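Here's the structure, in structure tokens; my notes come after.
The values are calculated or read from the model by the stated rules, or taken from the named source; none is laboratory data. Please read all numbers here as calculations on a predicted model, not as lab measurements. We place every Cβ from the backbone using ideal geometry, glycine too, and count neighbours over all the protein chains shown. The protein model used for the area step is the full one, side chains on, heavy atoms only, and it has no ligands, DNA or RNA in it. Shrake-Rupley method; radii C 1.70, N 1.55, O 1.52, S 1.80 Å.
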Amino acid sequence: MFKAPKGVRDILPPQSKTWRSVENTIQQVLEDFGFDEIRLPVFESSELFTRSIGTETDIVAKEMYSFTDRGDRNYSLRPEGTASAVRAYLEHQLYTPSPYRKLYYSGPMFRSERPQAGRYRQFFQIGAEAFGVDSPYLDAEILVMLKLICQRLNLTEWELQLNSVGCPVCRSNYRQKLQDYLQAQVSFLCEDCQRRSQTNPMRVFDCKSAHCQERLAAAPRVADNLGDECREHFEQVKNLLAAQGIEYKLNPNLVRGLDYYTRTAFELVSTKLGAQNAFAGGGRYDGLVEEMGGPSIPAIGFAIGMDRLVSLLEERLTLPENRPLVYLILLGEQAQCEGYNLLLKLRTAGIKCEMDYQSGGMKSQMKKADKMQAEYCLILGETELKEQNIILRQMQSGQQQTLKIDDLLRVSPFGKYW
Ligand code: AMP
């Protein structure tokens, strides 16, 4: 027996219905805020991810599904969507005539992490990227939109965590301070953090070891070391959020695990999720478009982790099973034949109906109608067929009515008689 690979799962009905409904709600809000859908490839050249996400990040160093294809080209399954969105923005020159573009995408992402509750190797994101504006108004707009998404989904018990990771200029000053601090701690840090402290010191904040985190408790934080412009930008974002009634908690440890972030960084976390508590995350990446070979265009984006979001909503969002309105009970070969035509005609008319291809007796077909929770059944036997009649029965009350088959399609009697 085959099984899905470790960390990869099927989304079965009726859970898939919850997914579809959550996706629709999110997409509607995104469209209302002016985002257009972009459909991105599932794999890209590995270099796209190593260059944008950064070689010292966990994603690139440990988690990418990379492979060489038959033409010896190096590809990776996408671990996230921003790199591809930037690549597409540049490849198709979506920055002309205006750099202002709002795009959203959805689909599976792949990271070879250790599977655990809320952490999968194939997981789903809906992400959005807004290019061309560095104003703090846009940062606030994105966060207002995320709050609206949570409201539309009736999601409570979540918190917005906010930080600023500055720009390369503030970071170059800060880097030295952090390195000096780490130097004194180096013998207590894990091997990865020892290396990071030399190559990319801010990445030490991503370390999952509690021991390292303890050692970082007194480390200098980037938000306390911002230059004037970045500090002013962060202040404005905070003021705009306050003006919109958006509550947030400052989290100076929030550095978001990817190298391209600048200035505003944020996560939406829920106390109901356990260790993997973030169900969305994002931030500004004002330098990435240029770094990827394009013009200097600022941008901000986020991704919602659908697996975690749906798990938060599942308990309350019990969507009805896909049950038929009508079950056709067909007695005899001729009734089966006629009933089959009727089934397809009803479906074409938008009425959900089912029949039994195994053609059992009245009792067994009635049992199946019950099991499928049909609201009505239509009974067609030899006697009815002769008269071109059909019996309509409401399952719950047992009330019956004899109708002309032709009337059934003309006047759609469901709900009319009872
Ligand atoms: P990131 O791209 O790491 O910022 O992730 C954005 C969101 O995607 C996170 O807040 C999670 O909700 C979700 N996510 C990231 N990695 C995983 C994973 N391995 N399994 C499930 N969800 C994930």
> Once label points are set 7 Å from the Cα along Cα→Cβ at both Tyr137 and His211, what is their separation, rounded to one decimal in nm?
Replying inline: 5.1
> Carbon and sulfur together cover what percent of the accessible area of the chain at a 1.4 Å probe radius?
Replying inline: 48
> Counting only the heavy atoms of the protein chains, how much of Asp36 is accessible to a 1.4 Å probe, in Å² to the nearest 10?
Replying inline: 90
>> Using a 7 Å offset from the Cα along the Cα-to-Cβ direction at both Asn322 and Asp36, what is the distance between the two label points in nm, to one decimal?
In response: 3.2
> Separation between the Asp180 and Asn341 pseudo-spin-labels, each 7 Å from Cα along Cα→Cβ, expressed in nm?
Replying inline: 9.0
> If you stretched the chain out fully between Ser296 and Leu409, how much longer would it get, using 0.36 nm times the residue separation minus the C-alpha to C-alpha distance?
Replying inline: 34.5 nm
> What dipole magnitude, in Debye to the nearest 20, does the range 263-418 give about its Cα centre under +1 on Lys/Arg Cβ and -1 on Asp/Glu Cβ?
Replying inline: 400
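Strictly over 24 Å apart at the Cα level, which of Lys208/Lys249; Lys272/Lys371; Lys62/Lys272; Lys102/Lys208; Lys345/Lys368 would you flag in this model?
From the list (Lys208/Lys249; Lys272/Lys371; Lys62/Lys272; Lys102/Lys208; Lys345/Lys368), the Cα-Cα distance tops 24 Å for Lys272/Lys371; Lys62/Lys272; Lys102/Lys208.
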> What helices does the chain hold that run 20 Å or longer along their axis, going by alpha-carbon atoms, with a Kyte-Doolittle average of 0.0 or more, using DSSP H for the helix calls?
Replying inline: 136-152
> Taking Rh as the Kirkwood radius computed over C-alpha pairs, what is the Stokes-Einstein D of the range 1-72 at 37 °C in a medium of viscosity 0.692 mPa s, expressed in µm² per second?
Replying inline: 203
>> Using helices alone, I'd like the mean residue ellipticity at 222 nm for the chain: each DSSP H run of four-plus residues gives -39500 (n - 2.57), total over residue count, nearest 500.
In response: -11000 deg cm²/dmol
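Taking only protein heavy atoms into account and a 1.4 Å probe, give the accessible area per residue of the chain in Å².
The answer is 51 Å² per residue.
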>> Check which residues have an amide H placed less than 5 Å from Met355's amide H, if you skip close sequence neighbours.
In response: Leu328
>> Solvent-accessible area of Arg9, probe 1.4 Å, all protein chains present, reported in Å² to the nearest ten, please.
In response: 70
> Per-residue accessible area for Tyr65 at 1.4 Å probe radius, Å² rounded to 10?
Replying inline: 80
> Ignoring ligands, DNA and RNA, how do Val144, Val22 rank by accessible area with a 1.4 Å probe, largest first?
Replying inline: Val144, Val22
> For the range 326-410, what ratio Rg/Rh do Cα atoms give with a Kirkwood hydrodynamic radius?
Replying inline: 0.92
>> Connecting C-alpha atoms closer than 10 Å in a GNM of the chain, tell me which of Leu148, Leu162, Leu343 has the biggest fluctuation.
In response: Leu343
>> Rounded to the nearest angstrom and ordered from largest down, what semi-axes does the equivalent ellipsoid of the chain get from its C-alpha gyration tensor (root of 5λ)?
In response: 56, 23, 21
> Magnitude of the Cβ-charge dipole of the chain, K/R +1 and D/E -1, about the Cα centre, nearest 20 debye?
Replying inline: 940
>> Springs between alpha-carbon pairs under 10 angstrom, Gaussian network model over the chain: which of Pro97, Pro295, Pro136 fluctuates most?
In response: Pro97
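Taking the Cα centre of the range 18-116 as origin, work out the dipole magnitude from +1 charges on Lys and Arg Cβ and -1 charges on Asp and Glu Cβ, in debye rounded to 20. List each step's numbers first, then the result.
On the way: 12 positive and 15 negative charges, 23 e Å.
It works out to roughly 120 debye.
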> How high is the relative contact order of the chain, given as a whole-number percent (alpha carbon pairs under 8 Å, six or more residues apart)?
Replying inline: 15
> Regarding the range 211-329, what is the average projected area of its C-alpha convex hull, in nm²?
Replying inline: 13.9
